[in-house]
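Single-structure report; data block below.
The values are calculated or read from the model by the stated rules, or taken from the named source; none is laboratory data. Quick caveat, the model's predicted, so the values are computed rather than measured. For neighbour counting, all protein chains shown are included, and Cβ atoms are generated from backbone atoms with ideal geometry for every residue, glycine included. Side chains are part of the model used for accessible areas, which takes the heavy atoms of the whole protein and leaves out ligands, DNA and RNA. Shrake-Rupley method; radii C 1.70, N 1.55, O 1.52, S 1.80 Å.
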Amino acid sequence: MLKLVSFVSAVIIWGLLSLTLPPEIFPGPIETARTLWGEIVKGDLWTDLAMTMLRVVAGLLLALILGVPVGVLMGLNRRAEAVLDVWVMIGLTVPSLCYAIMAFMWFGLNESAAILAIAVTAAPSITINIWEGVKNVDTKLVAMARVFEASRPAIVRRVLMPQIFPYVMASARFGLGIIWKITVLVELIGRPNGVGFKLFYWYQLADMRQVLAWTLLFTIIMLLIELVILKPIERRIFAWRPQVAV
Amino acid sequence: MNPAIEVASLRKTFKGRDGTSRAVLKDLDLSVGAGEFLCILGPSGCGKSTLLNVLAGLDKVYEGQARVSAGRVGYLFQEPRLLPWLTAEQNLDFALTGCKVPASRWDELKSRYLAMTGLSEYRDYYPHQISGGMAQRLALVRALCVEPGILLMDEPFSGLDEITARRIRTDLLSIWRETRKTIVFVTHNAYEACFLADRILVMLGGAFRHEMRVPIARPRSYDDPAIFELSRDLIKAFDAEIGREPVPSAIPANEPSLVDDLDRHAAARMNI
């Protein structure tokens with residue numbers, strides 16, 4: 001209920017703010033929704049949306065593949081931590097635009113370069129998240145498992161993984177937030193389609209209705225992923241956790 | 001009859017940060033008979049947890065001999081150490097799987113010990129849904145389920161409120177009477193030791209300083225004045241020992257994490 005009220009008031013604030021500028025520069029929610037509906041009816045937005053989604057998902061998967069093992073290694077091994085700390089910091093500091101430019105210059109203006117740039121940008125944040133998580137692993141539970149003669153695979157699967165998994169989940173969500181933003185940027189500078197490409201296209205034509213329509217589309221899709229996919233997964237996996245009543 | 005535990009000249013030293021080494025266990029000799037209830041009484045940092053870790057096989061770096069010949073070891077930690085993502089029953093299954101207890105015996109073992117501790121109704125509860133005392137009972141069930149020859153207990157009731165702790169102590173004695181497991185029970189509570197044990201060893205600075213048999217007949221009552229008197233004598237003997245030892249702690253004050261570090265080392269040695 002509270003969520004609905006908050007959502008409605010966000011739309012109202014948008015509508016009120018849009019009144020301060022002419023509609024062709026700052027269209028309100030109704031006009032934006034109408035433009036978006038027009039695009040949907042025309043039907044060619046699905047290609048762009050699908051391409052963006054593909055890049056986001058592939059980028060996220062690759063970022064997790066790169067980021068999680070490094071984070072686990074850093075959490076378990078002091079030496080690896082000391083060596084990789086600086087690398088992660090550098091990786092985190094370099095702006096995502098630089099990664100995108102480097103990827104396109106070195107590997108050409110192609111899909112793999114785009115996905116690589118997306119993944120490399122998001123990986124350091126994921127690594128940091130996992131690293132913190134692994135450092136917090138309760139070694140007392142590991143000692144307990146060893147007393148009860150649990151095999152090493154069993155300890156990894158039943159004792160360590162459940163402790164690390166919340167952090168993987170958190171970094172996937174967190175990574176997704178970063179990746180959406182980079183993907184648009186990467187599409188803007190180096191891809192012939194996608195939401196980012198469209199945004200830039202309409203920006204060059206100075207059509208703010210279209211720019212906001214595409215932004216709205218993007219936001220709706222993201223919220224849907226959060227609510228329809230990620231939240232239910234989380235609820236299922238962490239069913240054992242106590243419900244916190246605030 | 002062969003003793004269940006035999007320890008001879010057991011030495012354990014920790015290297016400090018500055019390179020000096022400190023003896024945490026100093027040439028311990030110990031023999032525990034089968035079916036005996038032994039309490040080791042000492043202040044925190046006296047080395048009693050370290051000794052238990054060696055007996056449990058968690059710590060394999062030591063000099064001297066430590067032999068446990070009564071079969072598998074069941075361990076009750078100071079905290080329940082249940083896996084929070086598993087239900088009560090799944091927690092028991094985890095231990096039963098690890099210890100390779102034949103699946104045909106699981107039901108019987110679980111039912112028996114859950115009934116003894118009054119937890120039969122709570123099989124499907126997660127650890128966070130039961131009280132601290134119940135969680136520790138469940139940990140006791142887990143230790144018993146794997147059919148250990150020996151139970152090692154590391155201040156298992158010190159984190160519980162006194163009333164709950166009393167009840168579990170009484171339960172423990174009746175379980176012990178029925179099963180006749182060999183128990184090594186570490187505590188810093190003299191009264192608890194006098195109530196539970198056949199024999200008490202006072203440990204101080206990494207060595208046993210005093211041995212006492214508990215002459216009180218069983219079954220014992222928690223309010224028996226004889227227990228109170230005995231514990232008073234014990235504390236007196238204890239004070240006398242501390243008077244002789246200017247530094248009573250084997251673990252230096254600037255490294256209070258040494259005991260916890262053991263767990264960390266244990267995990268690190270798995271190389272995962």
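Tell me which aspartates and glutamates have Cα within less than 16 Å of A:K181's Cα, excluding those fewer than 8 residues away on the same chain?
Answer for A:K181, where 16 Å is the Cα cut-off: A:D48, A:E226, listed by chain and number.
Between rounded, prolate and oblate, where does chain B land on the alpha carbon gyration tensor, with a ≥ b ≥ c its root eigenvalues, rounded for a/c under 1.5, else prolate if a/b exceeds b/c?
Since a/c reaches 1.5 but b/c is at least a/b, the shape of chain B is classed as oblate.
Of the heavy-atom accessible surface of the protein assembly as shown (probe 1.4 angstrom), what whole percent is carbon and sulfur?
The nonpolar share, carbon plus sulfur, comes to 62 percent.
Compute the distance from the alpha-carbon center of the stretch B:39-96 to that of the stretch A:1-59, in whole Å.
Value for the Cα centre distance between the two parts: 60 Å.
Which whole-number percent gives the relative contact order of chain A, counting Cα pairs below 8 Å spaced six or more residues apart?
Across chain A, relative contact order equals 26 percent.
Hey, got the average number of other protein chain Cβ atoms within 10 angstrom for residues in B:77-84?
5
What percent do you get for the relative contact order of the stretch B:1-126 when only Cα pairs under 8 Å and 6+ apart count?
It rounds to 24 percent for the stretch B:1-126.
With a 1.4 Å probe, how much accessible area is buried between chains A and B, both sides summed, in Å² to the nearest hundred?
Interface area, both chains combined: 2700 Å², rounded to the nearest 100.
Kindly report the accessible area of the stretch B:7-53 per residue (heavy atoms of protein chains, probe 1.4 Å, no ligands, DNA or RNA), in Å².
37 Å²
Which of the lysines could a cross-linker span from B:K236 if the Cα-Cα distance has to be under 25 Å and same-chain partners fewer than 8 positions apart are dropped?
B:K26, B:K48
If DNA, RNA and ligands are ignored and the probe is 1.4 Å, what is the ranking of A:F107, A:F165, B:F238 by accessible area, most exposed first?
A:F107, A:F165, B:F238
Taking beta carbons within 10 Å but only from partner chains, what does the mean come to for residues A:131-144?
Whole-number average of other-chain Cβ neighbours for A:131-144 is 5.
Let a ≥ b ≥ c be the square roots of the eigenvalues of the Cα gyration tensor of the protein assembly as shown; is it rounded (a/c under 1.5), or, if not, prolate (a/b larger than b/c) or oblate?
Here the protein assembly as shown falls in the prolate category.
Checking the table A:K135/B:K15; B:K110/B:K181; B:K12/B:K100; B:K100/B:K181 against a 28 Å threshold on Cα-Cα, which pairs fail?
Flagged as over cut-off: B:K12/B:K100.
Test of understanding: what is the full-extension gain from B:R105 to B:Y222, defined as 0.36 nm times their sequence separation minus their Cα-Cα distance?
Length difference between fully extended and current span is 38.7 nm.
If you count only protein heavy atoms and use a 1.4 Å probe, how large is the accessible surface of A:E111, to the nearest 10 Å²?
Probe radius 1.4 Å; accessible area of A:E111 about 50 Å².
Would you check the accessible area of A:I229, probe 1.4 Å, heavy atoms only, in square angstrom rounded to 10?
Surface accessible to solvent at A:I229 totals approximately 90 Å².
Just grab the label-to-label distance for A:I30 and B:R166, each label 7 Å out from Cα along the Cβ direction, in nm (one decimal).
Placing both labels 7 Å along Cα→Cβ, they lie 7.4 nm apart.
Accessible area drop of at least 30 Å² (1.4 Å probe, protein heavy atoms): which residues of the stretch B:40-65 qualify, relative to the chain alone?
B:L58
In the Gaussian network model of chain A, springs joining C-alpha atoms below 10 Å, which of A:L116, A:L19, A:L36 carries the largest mean-square fluctuation?
Taking springs between Cα atoms under 10 Å, the residue moving most is A:L19.
Evaluate E = 1/(1 + (r/R0)^6) for A:S151 and A:R236, where r is the Cβ-Cβ distance and R0 equals 25 Å; express this FRET efficiency to the nearest 0.05.
It comes out at approximately 0.40.
About its Cα centre, what dipole magnitude does the stretch A:64-166 give when the only charges are +1 on Lys and Arg Cβ and -1 on Asp and Glu Cβ, stated in debye to the nearest 20?
Roughly 440 debye, rounded to the nearest 20.
Just to verify a number: what accessible area does A:R209 come out at with the full protein assembly present, 1.4 Å probe, Å² rounded to tens?
Roll a 1.4 Å probe over it and A:R209 shows about 70 Å².
Quick one: if the Förster radius is 56 Å, what FRET efficiency do A:F7 and A:M105 give, using the C-beta to C-beta distance and rounding to 0.05?
0.85
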